[in-house]
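Contents: one structure, followed by commentary.
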Amino acid sequence: MNRCHGSLPHQPVRHEGCCCSSGGFNRKFYGKEEQVVKLEKYLQDLKLEAKAVEEKIKELKGEA
């Protein structure tokens with residue numbers, strides 16, 4: 001297994017560079033407000049994608 005710093009007890013290297021120099025702590029959880037913001041953005045993106053699909057279907061049917 002690849003480990004940074006040779007045999008020192010660090011985390012396995014997952015990305016380029018050393019596991020110790022990632023530039024800070026990366027959270028893997030979000031608060032409720034952050035979850036709401038992310039989900040609202042995701043919903044907006046899904047709606048835009050659905051609209052594009054509907055337009056493409058109309059175009060293919062010759063309704064555009």
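Counting only residues at least eight positions apart within a chain, or on another chain, the lysines with an alpha carbon under 17 Å from that of Lys32 are Lys41. Within the same chain, lysines fewer than 8 places from Lys61 are excluded, and of the rest, those with a Cα less than 25 Å from its Cα are Lys47, Lys51. Sequence neighbours fewer than 8 away in the same chain don't count; with that in mind, list the aspartates and glutamates whose C-alpha is under 20 Å from Lys28. Answer for Lys28, where 20 Å is the Cα cut-off: Glu16, Glu40, listed by chain and number.
Read the figures in this text as sums done on the coordinates, not as results from a lab. Note that the coordinates shown come from a computational prediction; the quantities given were computed from them, not determined experimentally.
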